[in-house]
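K.L.:
Submitted below is the structure of interest, expressed as structure tokens.
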Amino acid sequence: MSELLQFLFSGVTVGAVYALVALGFTIIYNASDVVNFAQGEFVMLGGMATVFAHAAGLPLPLAALVAIVGTAAVGVALNRLAIEPARGAPVVSLIIITIGASIFIRGAAQLVFDKQIHTFPAFSGDDPIRILGATILPQSLWVIAGAVLVFVALWLFFTRTLLGRAVLATSNNRLAAQLVGINTNFVMTLSFALSAGIGALAGVLVTPITLTSYDVGLTLALKGFAAAMLGGMGNPKGALAGGLLLGFLEAMTAGYLSSQYKDAAAFVVILAVLFLMPQGLFGRKSTDRV
């Protein structure tokens, strides 16, 4: 029982990170129908920028805030310089642009920062909390709480605010949204800023546990994408559920099979969803009139 509980704690912690990455995918997908494969690099930038800002003498909370704001600015630049100029291009071309942006950001981070593995102190110390024979780090609670709070905030934003509804309207029909007075360019800018900021927050929360380096973004992007597909692309509730389920699946795979197969779980999920349930757990089946 304690062994299963330990795997559950590990899975929920990692799954919360995947959920935050998947939420970033969801925000941009809802606003533009673009799958942003640079999302994992935002997580990397959040962690790396916090490390170096803290090493430069800033208090950890301020260093984290600077990292999140700076990463949000990178997200805005990605939209303005790469996505908006190619707005009329096919979706596949936009996806390729985000992949290229991911490679560019990774290379820039290697030059601006370094190639070493880094971390910074946990927010509440490193003494584990014991529960029914299993242990969980206090930082894991920060990660889980962060994912839940971001999910609740996004749910309130999309359902209770005029700006959030403007994002959904832009997603449904960009031209119609423009005709009723919605500034779709601002909506796109906001969506990329939110997505990048959430990714950076994930990097800040998880770095004391998993460490960070310039090349962690690719794996996180793939797993966040798998989580978003599992839950239903474009559905915030599905992103949260998909991230937690994928984290739990990875923990079970590592615990009962081998840690060598842990990373393969995301690819198995992607293939299973594509073949068996293309709309995901909470996605809606679409129909086209002809």
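The values are calculated or read from the model by the stated rules, or taken from the named source; none is laboratory data. Note that the structure is predicted; figures quoted are calculated from it, not measured. As a convention, Cβ positions derive from the backbone with ideal geometry for all residues, glycine included, and neighbour counts pool all protein chains shown. These area figures cover heavy atoms from the full protein model, side chains too; ligands, DNA and RNA do not enter into them. Shrake-Rupley method; radii C 1.70, N 1.55, O 1.52, S 1.80 Å.
K.L.:
Between residue 77 and residue 123, what length comes free when the chain is fully extended (0.36 nm per residue of separation minus the Cα-Cα distance, one decimal in nm)?
P.N.:
Between residue 77 and residue 123, full extension yields 13.5 nm more.
K.L.:
When the accessible area of the range 52-151 is computed with all protein chains present and a 1.4 Å probe, what percentage of it is carbon and sulfur?
P.N.:
73 percent
K.L.:
Say we join alpha carbon atoms closer than 10 Å with springs in a Gaussian network model of the chain; which of 141, 58, 220 then has the biggest fluctuation?
P.N.:
Highest fluctuation among the options: 58.
K.L.:
Answer rounded, prolate or oblate for the range 189-289, using the Cα gyration tensor with square roots of eigenvalues a ≥ b ≥ c: rounded when a/c is under 1.5, else prolate when a/b is larger than b/c, else oblate.
P.N.:
Since a/c reaches 1.5 but b/c is at least a/b, the shape of the range 189-289 is classed as oblate.
K.L.:
Among 125, 231, 199, determine the one that fluctuates most according to a GNM of the chain built with springs between C-alpha atoms less than 10 Å apart.
P.N.:
Of the options given, 125 has the highest mean-square fluctuation.
K.L.:
How fast does the chain diffuse by Stokes-Einstein, in µm²/s, taking the Kirkwood radius from C-alpha pairs at 10 °C and 1.306 mPa s?
P.N.:
Numbers: Rh = 19.3 Å.
For the chosen part, D equals 82 µm²/s.
K.L.:
Which of 248, 25, 158 moves most in a GNM of the chain, Cα contacts under 10 Å?
P.N.:
With Cα springs under 10 Å in the chain, the top fluctuation among 248, 25, 158 is at 158.
K.L.:
Now for a different question. Which value, in debye to the nearest 20, describes the size of the charge dipole of the chain about its Cα centre when Lys and Arg Cβ atoms bear +1, Asp and Glu Cβ atoms bear -1, and nothing else is charged?
P.N.:
Working: 14 positive and 11 negative charges, 162 e Å.
Here the size comes out at about 780 debye.
K.L.:
Can you tell me how much longer the chain between residue 172 and residue 130 gets when fully stretched, taken as 0.36 nm per residue apart minus their C-alpha distance, in nm with one decimal?
P.N.:
10.4 nm
K.L.:
A follow-up question, please. Keeping all protein chains in the complex and leaving out DNA, RNA and ligands, what accessible area do you get for residue 263 with a 1.4 Å probe, in Å² to the nearest 10?
P.N.:
70 Å²
K.L.:
As a check on your grasp of the helix formula, calculate [θ] at 222 nm for the chain: sum -39500 (n - 2.57) over DSSP H runs of n ≥ 4, divide by the residue count, round to the nearest 500.
P.N.:
Details: 11 runs with 205 residues, N = 290.
Result for the chain: -24000 deg cm²/dmol, rounded to the nearest 500.
K.L.:
Further question: Can you give the extra length, in nm with one decimal, that the chain gains between residue 55 and residue 180 once fully stretched, where that is 0.36 nm per residue apart less the Cα-Cα distance? If you can, show how the numbers build up before the last one.
P.N.:
On the way: separation 125, 0.36 × 125 = 45.00 nm, distance 4.86 nm.
Extra length from residue 55 to residue 180 when fully extended: 40.1 nm.
K.L.:
Let me ask another. Sorting check: for 61-67, 187-193, which peptide has the highest mean count of neighbouring beta carbons within 10 Å, and how do the rest follow?
P.N.:
Taking the mean over residues of other Cβ atoms within 10 Å, the ranking is 187-193, 61-67.
K.L.:
Using label points projected 7 Å from each Cα along Cα→Cβ, tell me how many nm separate residue 165 and residue 237, to one decimal.
P.N.:
Calculated label separation equals 1.9 nm.
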